[in-house]
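Accompanying notes for the structure given below.
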Amino acid sequence: MPDLIGPGLKVLFCGINPSVYSAVVGYHFARPGNRFWPALHASGFTDRLLAPHEQDALPRLGLGITNVVDRATVSADVLTAEELAEGGRMLAAKVRRYRPRYLAVLGITAWRTAFRHPGASLGPQPETLGGTRVWVLPNPSGLNAHYTPAALARLFRELRVAVEGG
């Protein structure tokens, strides 16, 4: 699954890993039921609800997408701690290369495991990654029933407000 990344991004959104569905169709967060695109719109990052096939509009808005682990799976819970740690090293290299203002990791467990921060919570993190500020958001997968669409929108909006404010 190719990254949607380049220099000068305001936010690089980082999923845990692509779903098999996304890998087949070739678009990030493409699985029906994934709430990434609705949360992006409801939070004000986009002025309309984009479909996954419109992902190429994001860089013009200063937004990009990557993943911690490149391997597509049916569910992220099959990834090993070693895969996440290796993915974290690769992600750190991407962040150092492209230097987005914010890295938004979409999954607290992925952040905790990949970067060895077992006590981390959602929201802004005290540490940076290569000088980039880190913000952790919930995994928007439809399989993650812990957060309603409204709660996801509110948490994404908090990031957007921080990005616009500094």
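Ignoring any ligand, DNA or RNA, what whole percent of the accessible area of the stretch 1-52 comes from carbon and sulfur when the probe is 1.4 angstrom? The nonpolar share, carbon plus sulfur, comes to 59 percent. What does the charge count near S121 come to, summing +1 for each Lys or Arg and -1 for each Asp or Glu among other residues with Cβ under 14 Å from its Cβ? Every neighbour counted, the sum reads -1.
Residues in the chain average 48 Å² of solvent-accessible surface per residue, probe 1.4 Å, ligands and nucleic acids excluded.
For the chain, the share of DSSP beta bridges that are antiparallel, to the nearest 5, is 25%. With an a/c value under 1.5 for the gyration tensor axes a ≥ b ≥ c computed over the alpha-carbon atoms, the chain is described as rounded. Placing a pseudo-label 7 Å from each Cα along the Cα-to-Cβ vector at T80 and V25 gives an inter-label distance of 3.1 nm. Taking a ≥ b ≥ c as the square roots of the eigenvalues of the Cα gyration tensor, the stretch 54-137 is classed as oblate, since a/c reaches at least 1.5 and a/b does not exceed b/c.
Averaging the sequence gap over all C-alpha pairs within less than 8 Å and six or more residues apart, then dividing by the number of residues, gives the chain a relative contact order of 30 percent. Net charge in the neighbourhood of I16 (other residues with Cβ under 12 Å of its Cβ; Lys, Arg +1, Asp, Glu -1) is -1.
The values are calculated or read from the model by the stated rules, or taken from the named source; none is laboratory data. Remember, it's a predicted structure, so these values are computed and weren't measured experimentally. Note that we place each Cβ from the backbone using ideal geometry, even for glycine, and neighbour counts take in every protein chain shown. Ligands, DNA and RNA are excluded from the accessible area calculation, which covers all protein heavy atoms including side chains. Shrake-Rupley method; radii C 1.70, N 1.55, O 1.52, S 1.80 Å.
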